[in-house]
1. Of all residues being in a strand (DSSP E or B) and of a type in the set (Lys, Arg) in region 64-97, which is surrounded by the fewest Cβ atoms within 10 Å (Cβ to Cβ)? Just the residue, please.
2. Pick out the one residue from 56, 61, 47 that is at pLDDT 85 or above and assigned to a loop (DSSP other than H, G, I, E, B).
Amino acid sequence: MKNGVAAQTFVGSNSNTMRLFITILIYIALTGCSHEEAEKYDLVLSNVNLIDGTGNQMQENVNIYIKDKKIARIDTSKSGSGKIIIDGTDKYLIPGLFDCLSRLITKS
């Protein structure tokens, strides 16, 4: 009787293990196949040196992602794509500088 119970417990545990294994495989298959497409931006300025005008140090080789005429994201990864991509290697970006100067000129 004890051998029969041991055999039944072993088979039952294999069955549960197999169910768990199949469940994990299905989960991996579903989550792996449903990846999000990288967000599409209107403009990407890649590898620019950013001077933000706040007194912080210059950020080197960053990517600026622009959507709907506004800066949507700034980072060093290349995870988003853009309709227009401009390589800004060895270039500098100072957002708002020209707008600031135009206001000073018009007020004089």
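The values are calculated or read from the model by the stated rules, or taken from the named source; none is laboratory data. If you're wondering where the values come from, they're calculated on a predicted model, not measured in any experiment. Reconstructed Cβ throughout: ideal geometry from the backbone, glycine too, with neighbour counts over all protein chains shown.
1. 70
2. Numbers: 61 fails: assigned to a loop (DSSP other than H, G, I, E, B); 47 fails: assigned to a loop (DSSP other than H, G, I, E, B).
After applying the criteria, what remains is 56.
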